[in-house]
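Okay, so here's the structure we're looking at.
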Amino acid sequence: MISRRFIMGGLAAIAAVPGCAGAPAVSPRPPVRLTSTGAAEALIARSGVSGNVAFVVADASGRVLDSRGGDATLPPASTTKAITALYALDRLGPGFRYATSLMASGPVSGGVVQGDLWLVGSGDPTLDTDALDALAAQLAARGVRGVTGRFMAYGGALPLVPQIDPQQPVGANYNAAISGLNLNFNRVYFRWGAGGAGASLDARSGRVVPPVTMSRIRVVGRTSPAYTYSSGQGVDNWTVASGALGRGGNRWLPVRHPDDYTAEVFRWLAARHGVALPQPVVTRSAPSGTALATHASGPLTEILADMLEYSNNMSAEAVGLTASRQGSLAASGAAMSQWAAAKYGVAMDLRDHSGLSGRSRVAPAQMVHALALAQADPNGRYLRGLMKNEGLFDANGRETLSDAIRIKGKTGTLNFASGLVGYVSAGGVERVFAIYCADLSRREGLESDEEARPVGGAAWTRNARILQSRLIEAWVAQA
């Protein structure tokens, strides 16, 4: 059985852990303090951050140099995406690409497919309307103008997940669905005039603006809640409070039936290119036939770089599900946790791949050890270059990139939970670090109607980010 015991601020020796023969042993000695205990405690005491603050900083080899509560397991939030990136790079390879294809069950004769036409997804989280339009143009260029059979839409390459975390606000566009067919990060564009006049939904992403009917919205005379949702057969039904719309505006809403969404938009785009298709039939039955056109995504490294920079939850979940090939998000998160234990000798309880679930738990010692070992791994070494350049926050909460302190990292934010993990270099010295702040009692005390904007939440998060910057500066100053 894999040992999951950790020692003060660092990991127990990993050499004997099954599946981790290449991992260096960590000697069970106290860390060399980069900051005095009093200095770190003073920074934390005056930060205004309630709850728990835990951190670990190590040298490039993973030897712990400083720590506070290194074994405390706290919500990792979006820092989970760093592990997701490592997982995908290991399981899929940096050059992996998704493919979205059109397949015909019979031959093309006289411009007509003699049988069914299939739109087949593999889970591409980056597919947008422009790419789908290019796929329709490919089909038209083959001389196809219609079909004798059905228009089939297949998203069964990945399980259908209607939303990543049911605890999030109903209208949160960062909590969209996941499937084998995804479009525009499974979001639909909602635009309205004063008081909701002229409300419309579309699938824009650049050159073209297809209308959408599978997502429907109705403006109702109330002030709250701002949005309500109900699901129909392949249909998203929304209501929006007229009192929340003001003089007009726009925003993205999540899509809960991505297969239906993608199929409807493709049918409209095909007609735009002169290809007449019947109403789509969404299915989870495996397709068969000959490929007529294919769209390939960018390489995995490009997908992961965007996922990390913009902290895109939908991309993280699609990539994680592709890597695990599990039938549910819970099983997929568990599979990634098991992989992390076997690959890096760390114990993580990950409930998803994006960190949107507040039930995931990671200790800073675990994260630092994984990030340190990744640098020596043929695929894991890509991670540092894919990470975003993070800045330092001043006393007013303004972020500025520093020329002297270079941070390649990943942030994570939930209500009353904030994390920053990654790599920092200054004066030719390299460090690996993880900082987690969380007030679990305040998180657990939130009412459902407080999830979007809890009282005190913004100030707490700002203070946590400032504290993280002050800790990094202190480590660098003492290096």
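What follows draws every value from the coordinates through simple rules; no lab data is involved. Since this is a predicted model, take the numbers as computed values, not measurements. Here the Cβ positions follow ideal geometry from the backbone for every residue, glycine too, while neighbour counts run over all protein chains shown.
Per residue of segment 294-306, what does 6.51 cos²θ - 1.76 cosθ + 1.60 with θ = phi - 60° give for ³J(HN,Hα)? Whole Hz please, x for Gly and Pro, Karplus curve as stated.
Result, rounded to whole Hz: 9, 10, 9, 6, x, x, 4, 4, 5, 4, 5, 4, 5.
Pull out the extension gain between residue 389 and residue 233, defined as 0.36 nm times the separation in residues minus the alpha carbon to alpha carbon distance; nm, one decimal.
Extra length from residue 389 to residue 233 when fully extended: 51.8 nm.
What percentage of all Cα-Cα pairs in segment 284-340 are separated by more than 16 Å?
When all Cα pairs of segment 284-340 are counted, 59 percent exceed 16 Å.
Using only the Cα atoms of segment 171-282, each taken as one equal point scatterer with no solvent, compute I(q) by the Debye sum, divide by I(0), and report log10 of the ratio at q = 0.14, 0.21 Å⁻¹.
Reported log10 I(q)/I(0), two decimals: -0.57, -1.14.
Which cross-chain or sequence-distant (5 or more) residues have an amide H under 5 Å from the amide H of residue 363, H modelled 1.01 Å from N in plane?
Long-range HN contacts for residue 363: 74.
What list of ³J(HN,Hα) couplings, whole Hz, do you get for segment 55-71 from phi and the Karplus terms 6.51, -1.76, 1.60, once you set θ to phi - 60° and write x for glycine and proline?
Karplus values, whole Hz, x for Gly and Pro: 8, 9, 10, 9, 7, 4, 7, x, 6, 5, 10, 7, 7, 8, x, x, 9.
Which trypsin sites (Lys or Arg not before Pro) in segment 224-274 pass both tests, a DSSP loop state and at most 12 other beta-carbon atoms within 10 Å?
Taking segment 224-274 and a limit of 12 other Cβ atoms within 10 Å, the loop trypsin sites (Lys or Arg not before Pro) found are 247.
Rank-order 93-106, 194-207 by packing density, defined as the average count of other C-beta atoms within 10 Å over each peptide's residues, highest first.
Values: 93-106: 18.6, 194-207: 15.9.
Descending packing order for the listed peptides: 93-106, 194-207.
Between 0 and 90 degrees, rounded to the nearest ten: what's the tilt of helix 80-92 against the longest Cα principal axis of the chain?
60
In whole Å, what are the Cα extents of the chain along the three principal axes, biggest one first?
Answer, in whole Å and largest first: 78, 54, 42 Å.
For segment 216-224, just list the computed ³J(HN,Hα) in residue order, Karplus coefficients 6.51, -1.76 and 1.60, θ = phi - 60°, integers in Hz, with x standing in for Gly and Pro.
10, 9, 10, 7, 10, x, 8, 9, 7
As I understand it, the dipole of segment 131-217 uses +1 on the Cβ of Lys and Arg and -1 on the Cβ of Asp and Glu, about the Cα centre. Which of 164, 175, 185 lies farthest toward its positive end?
Working it through, the farthest residue towards the positive pole turns out to be 185.
Please list, in chain and number order, the residues 5+ apart from residue 388 or on another chain whose amide H is under 5 Å from its amide H, with Hs placed from the backbone.
409
If the only charges are +1 at each Lys and Arg Cβ and -1 at each Asp and Glu Cβ, what is the size of the charge dipole of segment 303-433 around the Cα centre, to the nearest 20 debye?
It comes to approximately 280 debye.
Test of understanding: extend the Cα→C-beta vector of residue 213 to 7 Å, then name every residue of segment 250-275 with backbone N under 17 Å from that spot.
Only 260-272 fall inside the zone, counting backbone N under 17 Å.
What number, in nm² with one decimal, is the all-direction average of the projected area of the convex hull of the alpha-carbon atoms of segment 383-478?
With every direction weighted equally, the projected area is 6.9 nm².
Tilt of helix 329-344 relative to the longest C-alpha principal axis of the chain, in degrees (0 to 90, nearest 10)?
Around 40 degrees separate the two axes.
Specify the angular offset, from 0 to 90 degrees and rounded to the nearest 10, of the alpha carbon long axis of helix 258-272 from the longest principal axis of the alpha carbons in the chain.
Helix 258-272 sits at roughly 50 degrees to that axis.
Would you pull out the residues with amide H under 5 Å of residue 188's amide H, same chain only if 5 or more places away, H placed 1.01 Å from N?
The answer is 253, 255.
If the cut-off is a Cα-Cα distance under 13 Å, which aspartates and glutamates reach residue 408, setting aside same-chain residues fewer than 8 apart in sequence?
Answer for residue 408, where 13 Å is the Cα cut-off: 309, 390, 430, listed by chain and number.
Taking the Cβ of residue 188 as the centre, find all other residues whose Cβ is under 11 Å away and add up their charges (Lys, Arg: +1; Asp, Glu: -1).
+3
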